[in-house]
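Worksheet: one structure, shown below.
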């Protein structure tokens with residue numbers, strides 16, 4: 001199977017479910033802290049660049065939920081600046097295959113299945129992004 005560098009928010013239940021899905025499919029993971037990784041504009045754009053700017057953002061981030069940050073109103077330069085200043089805003093997980101270097105953002109099940117394969121019975125949900133329920137809370141990062 002594939003070895004994947006998996007950038008996550010430590011303590012996040014959604015990321016735990018995503019990791020579990022990948023491991024169950026036989027992949028191996030190198031977990032990295034998305035919040036403490038030294039991102040540069042180039043390293044972050046290597047993941048996010050192919051997507052529309054609004055899709056760069058974690059919709060569950062407090063600044064987005066409160067309306068303080070509205071991704072649809074941002075151009076790429078301002079969006080990138082915000083993401084570099086506040087990594088909680090970055091859509092997660094960010095993943096990179098070590099065999100090909102191919103990158104992927106988020107965890108829409110069909111897209112991840114097409115990217116690395118999730119086995120004969122991938123998770124039935126269309127997406128494993130975000131929290132499973134509105135009451136779930138992720139651990140506070142160290």
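Can you give me the C-alpha center-to-center distance between segment 24-40 and segment 78-117, rounded to a whole angstrom? Between the Cα centre of segment 24-40 and that of segment 78-117, the gap is 10 Å. Given R0 = 41 Å, the distance between the Cβ atoms of residue 55 and residue 120 translates into a calculated FRET efficiency of 0.90. What number do you get for the chain when its Cα radius of gyration is normalised by 2.2 N^0.38 Å, N = residues? Cα Rg divided by the expected 2.2 N^0.38 Å: 1.01. Computed from the C-beta positions of residue 30 and residue 85, the FRET efficiency with R₀ = 25 Å rounds to 0.45. Note on the chain: helix-only mean residue ellipticity at 222 nm, from DSSP H runs of 4+ residues weighted -39500 (n - 2.57) and normalised by residue number, equals -8000 deg cm²/dmol.
FYI, it's all coordinate maths here, none of it is from the lab. Keep in mind the model is a prediction, meaning the values are calculated, not measured. Methodologically, a virtual Cβ is constructed for each residue, glycine included, from the backbone with ideal geometry; neighbour enumeration extends over all protein chains shown.
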